[in-house]
Amino acid sequence: MVDLAVSATPAIAQVQSLPITEMNERLAWRVPRLEFSGTPLGDAIPIINRHSRIKLVLDDPTLSEVKISGVLRADNIDTLRELLAETHRIMSEYRNETEIVLSRAR
């Protein structure tokens, strides 16, 4: 953090370290929010995948017609996973470090 306040006498900028939690809070405004309103999951997944290193994959093509609504932080896949499980009984499972497979709950 550098104080850029203008003063009558020029000051030497002093760099100050911040804890990672505070840094994340201060930069939270920069994280894109994705808003869906009755959006088919098949249309939402490409949008979500553009913003995340972890990609969502549909195991069952019929899931692409499931409609989702809500506002999500683009960097928070876990919130979407919870929403899908609670409201649509869609399970999500990591296939590997960069891929989550969505399937119908049994």
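The values are calculated or read from the model by the stated rules, or taken from the named source; none is laboratory data. All values reported here derive from a predicted model rather than from experimental measurement. As a convention, Cβ positions derive from the backbone with ideal geometry for all residues, glycine included, and neighbour counts pool all protein chains shown.
Summary of computed values
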{"item": "Residue within the stretch 39-50 that is loosely packed, with under 14 Cβ neighbours inside 10 Å and more than 26 Å from residue 105 (Cβ to Cβ) present", "result": "yes"}
{"item": "Any chance residue 37 is over 12 Å from the mean Cα position of the chain (by Cα) and either among the hydroxyl-bearing types (Ser, Thr, Tyr) or modelled with pLDDT of 85 or more (or both)", "result": "yes"}
{"item": "Qualifying residue in the stretch 62-81 (condition: modelled with pLDDT of 95 or more, out of contact with any helix residue (DSSP H, G or I) (no Cβ under 9 Å at 6 or more places or on another chain) and assigned to a strand (DSSP E or B))", "result": "no"}
{"item": "Qualifying position, being touching a Gly at 6+ places or on another chain (Cβ under 9 Å) and either surrounded by fewer than 11 Cβ atoms within 10 Å (Cβ to Cβ) or in contact (Cβ under 8 Å) with a residue 40 or more places away in the chain (or both), among 61, 32", "result": "61"}
{"item": "Unmet requirement for residue 24, which otherwise passes all of (1) of a type in the set (S, T, N, Q); (2) in a helix (DSSP H, G or I); (3) at pLDDT 90 or above", "result": "(3)"}
